[in-house]
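Following: one structure in structure tokens, then a few remarks.
Quick note: the coordinates plus some simple rules give every number you see, no bench work behind them. Everything numeric here is computed off the predicted structure, so don't read it as measured data. Heads up, the Cβs are rebuilt from the backbone with ideal geometry, glycines too, and the neighbour counts pull from every protein chain shown.
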């Protein structure tokens, strides 16, 4: 088993390369610029999976940005934002509480949000998993033809980091059974940690993306990156990591790996807190396990959308980052 505390540099990785697009433009236009490079298979009824946040959460992808993207992207014209209820008690634990939180954060002003486990669950197979042979999701998931994972990349209290893998793996599992399968162990609701947790999150994600097949695409937004997840809301740790930009790919392993590489490419002062969070939680196991079970490539070509679509390195991409400043 790969040690989830250890960062594996690109030179030590094996296998094929995938394309990951990158822009420094942190705005609705930046999201659209990146999404348009990878949206060819977004057809039929599209589910948009993002983290809608706890009440007044300061770091989520701004609803105003998402409103502009949905209004201007033809493939997202009739898309629906999707969520599931939480495993922990709080403001998104029940559907009623969840809907109030959605209203507080402004999502209901422009879009319907489908709480996928509102009317029960559906089991989807986990192919090639070592922990699960199925994962339990919100029953509404099977109402959709395509999935657009619009992810706020940040740290995570238990997962080390929250990228597209966490957004889907935790975010699509239903709030009682599926999330319990991932987290609970030996009578302890939160007993699963480190490598086992990373692998279980990843197997949950695999059930989702296997269901959608080629009709999945990913955009990760690297802004306001606290070491805390958006599930901590206003209690999230202060942000000290510089904003970076927006990435897009059709390969979930490649895009999350590229985001982690961008963090590691920063200087020690800029990345210390987030690197410590990733390593102490064994977060790298998310990446290595995705690669091991055939979810994508850990090697990639990073394409700069701001400069003639040339190939760049993570060092090039973060060369101009400035000390953190909150982007509203």
- Placing each pseudo-label 7 Å from Cα in the direction of the beta carbon, residue 234 and residue 133 end up separated by a distance in nanometres of 4.8 nm
- Note on the structure: Once normalised by the length of the range 41-88, the mean sequence separation of its alpha carbon contacts under 8 Å that are 6 or more apart gives a contact order in percent of 53 percent
- What value, in deg cm²/dmol to 500, does the helix sum -39500 (n - 2.57) over DSSP H runs of n ≥ 4 give at 222 nm once divided by the residues of the chain? -9000 deg cm²/dmol
- Query: So for the pair residue 307, residue 43, with labels modelled 7 Å out along Cα→Cβ, what separation do we get in nm?
  - Reply: 3.7 nm
- Query: Exposure proxy check: 94, 208, 89 ranked by fewest other beta carbons within 10 Å?
  - Reply: 89, 94, 208
- If the label point sits 7 Å along Cα→Cβ of residue 193, residues of the range 128-163 with amide N under 12 Å come out as 158-159
- Note on the structure: Counted neighbours (other Cβ, 10 Å), sorted fewest up, put 251, 273, 306 in the order 306, 273, 251
- Note on the structure: Ranked from fewest to most other Cβ atoms within 10 Å of their own Cβ, 122, 227 fall in the order 122, 227
- Note on the structure: Computed Rg/Rh for the range 1-51 (Cα atoms; Rh = Kirkwood radius) stands at 1.09
- Message: Can you divide the C-alpha Rg of the chain by 2.2 N^0.38 Å and report the result to two decimal places?
- Response: 0.90
- Mean separation of Cα contacts under 8 Å (at least 6 apart) over the residue count of the range 121-191, i.e. the relative contact order in percent, is 24 percent
- Per residue, what volume in Å³ does the convex hull of the Cα atoms of the range 1-88 enclose? 205 Å³
- Taking 7 Å along the Cα-to-C-beta vector as the label spot, tell me the residue 1-residue 72 distance in nanometres, rounded to one decimal. 4.6 nm
- Task: Express the relative contact order of the range 191-291 as a whole percentage, based on alpha carbon pairs under 8 Å and six or more residues apart in sequence.
- Result: 35 percent
- Task: Please work out the FRET efficiency for the pair residue 268 and residue 108, using the Cβ-Cβ distance as r and a Förster radius of 41 Å; give the result to the nearest 0.05.
- Result: 0.45
